[in-house]
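The values are calculated or read from the model by the stated rules, or taken from the named source; none is laboratory data. This one's a predicted model, so the numbers in the text were calculated from it and none came from an experiment. Cβ: placed from backbone, ideal geometry, glycine included. Neighbour counts: every protein chain shown. Just so you know, the surface numbers come from the protein's heavy atoms only, side chains and all, with ligands and any DNA or RNA stripped out. Shrake-Rupley method; radii C 1.70, N 1.55, O 1.52, S 1.80 Å.
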Amino acid sequence: MQTDKRPETMQRINTAELAQDFIQTQIQEIRARVQDKKVLLALSGGVDSSVVAALLIKAIGKQLVCVHVNHGLMRKGESEQVIDVFGKSLDANLIYVDATDRFLSLLAGVSDPEKKRKIIGGEFIKVFAEEAAKLEGISFLAQGTIYPDILESDGVKAHHNVGGLPEDLNFELVEPIKLLFKDEVRVVGEALGLPHGMVYRQPFPGPGLGVRCLGAITRDRLEALREADAILREEFDKNGLAGKVWQYFIVVPDMKSTGVKDGKRYEGWPAIIRAVNTTDAMTATIEEIPYSLLHRITDRITGEVPGINRVLLDLTPKPVGTIEWE
Ligand code: XMP
């Protein structure tokens, strides 16, 4: 079995050939270990869980059961992409759970960020455990643990990842990418044929849009946030910033200001743009977005998203501001 320590002699996986070698070795190891048993995986659609899913599908096909829990706080199109890529193209054994109503009713009226995180993490575990209990003959639980998770297990990520899976599920763990760094996971993901946009997507927090729809979440403000965020992503894509900027997103606070739309007074929320660059997320600098693009994004968001009447730009580096607002 793999240890938790990366051997000093282990070569950095930075070419398609090295990725293929890694994939072939893992396929053999996984087959030898799992044999004819079943493996369960919580598939969020993030880079790490997607790469683990694609690897396991290659190794054991339908003996892998993927569960995608849509907590209603995903970005626009993300759950659909999981269904398209894994359910349709890769023909995986995929269970899709739309738990939006459960999450949003528990979150109704809750404005404290830590409480929100706890509710989202706790409910995620509950939904996942419920799905696991319905399945028979599962022996293994696959996880997209990567090397920085092991190195930084008392750092930022451990604090953030309230959504760890329950220990009492009593499965043996399969963690095929636990000795890889993020750049290597991406090279392996491309070699596995996953879509570029999925493999190179920016980091997205476990609680999703829940920590960007500030304060107590309401469905209408969450929807406005999701649409405004989709416009920002589309414009960054079109203008060559998507591959350059480390993390960029919209935040919608729980406040309204006066505006005018279609010749009438219009009370709306502001959409705040945050676009940062960093290497380790411990400190971050601000991306200098061209003004012409900012104008275009502002026109589109205020014109296309119901409920939004202003667009603001967050100029605060980390420190003093954290990357997320909550
Ligand atoms: P902050 O806001 O602490 O964020 O500067 C640093 C990085 O961590 C991400 N982040 C999270 N990731 N669960 C996660 O999995 C969380 O609750 C969470 N909160 C922040 C953030 O997006 C940034 O990349």
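Below are the figures for this structure:
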{"read-out": "Breaking point among (1) over 20 Å from the mean Cα position of the chain (by Cα); (2) more than 19 Å from R75 (Cβ to Cβ), for A284", "value": "(1)"}
{"read-out": "Test result for D101, under 15 Å from R212 (Cα atoms) and open to solvent by 10 Å² or more (accessible area, probe 1.4 Å)", "value": "no"}
{"read-out": "Number of positions in the range 242-268 that are in a loop (DSSP other than H, G, I, E, B) and open to solvent by 50 Å² or more (accessible area, probe 1.4 Å)", "value": "11"}
{"read-out": "Pick from the range 273-282, criterion open to solvent by less than 60 Å² (accessible area, probe 1.4 Å) and within 11 Å of the ligand (Cβ to nearest atom), ranking: nearest to R233 (Cα to Cα)", "value": "R274"}
{"read-out": "Residue in the range 80-89 that is among the β-branched types (V, I, T), under 19 Å from the mean Cα position of the chain (by Cα) and surrounded by fewer than 18 Cβ atoms within 10 Å (Cβ to Cβ) present", "value": "yes"}
{"read-out": "Test result for A191, within 22 Å of D84 (Cβ to Cβ) and either open to solvent by less than 20 Å² (accessible area, probe 1.4 Å) or away from the ligand (no atom under 13 Å from the Cβ) (or both)", "value": "yes"}
{"read-out": "Selection status of D237, surrounded by fewer than 16 Cβ atoms within 10 Å (Cβ to Cβ) and more than 26 Å from D183 (Cβ to Cβ)", "value": "no"}
{"read-out": "Counted residues, the range 118-153 - those being surrounded by 15 or more Cβ atoms within 10 Å (Cβ to Cβ), of a type in the set (S, T, Y) and outside any helix (DSSP H, G or I)", "value": "2"}
{"read-out": "Qualifying residue in the range 91-113 (condition: within 16 Å of the ligand (Cβ to nearest atom), in contact with an Asp or Glu (Cβ under 7 Å, 6 or more places away or on another chain) and closer than 14 Å to N70 by Cα)", "value": "yes"}
{"read-out": "Residues within the range 200-211 that are within 9 Å of the ligand (Cβ to nearest atom) and in a loop (DSSP other than H, G, I, E, B), tallied", "value": "6"}
{"read-out": "Boolean, Y200 is aromatic (F, W, Y) and out of contact with any strand residue (DSSP E or B) (no Cβ under 9 Å at 6 or more places or on another chain)", "value": "yes"}
{"read-out": "Counted residues, the range 299-326 - those being assigned to a loop (DSSP other than H, G, I, E, B) and within 16 Å of the ligand (Cβ to nearest atom)", "value": "12"}
{"read-out": "Of residues in the range 283-302 being of a type in the set (A, V, I, L, M, F, W, C) and in contact with a strand residue (DSSP E or B) (Cβ under 8 Å, 6 or more places away or on another chain), the one surrounded by the most Cβ atoms within 10 Å (Cβ to Cβ)", "value": "I301"}
{"read-out": "Residues of the range 5-28 satisfying the condition of being under 27 Å from the mean Cα position of the chain (by Cα), open to solvent by less than 60 Å² (accessible area, probe 1.4 Å) and not small (G, A, S)", "value": "R6, I13, T15, L18, F22, I23, Q26, I27"}
{"read-out": "G197 vs. criteria under 19 Å from V82 (Cα atoms), open to solvent by 50 Å² or more (accessible area, probe 1.4 Å), more than 16 Å from the ligand (Cβ to nearest atom) and small (G, A, S)", "value": "yes"}
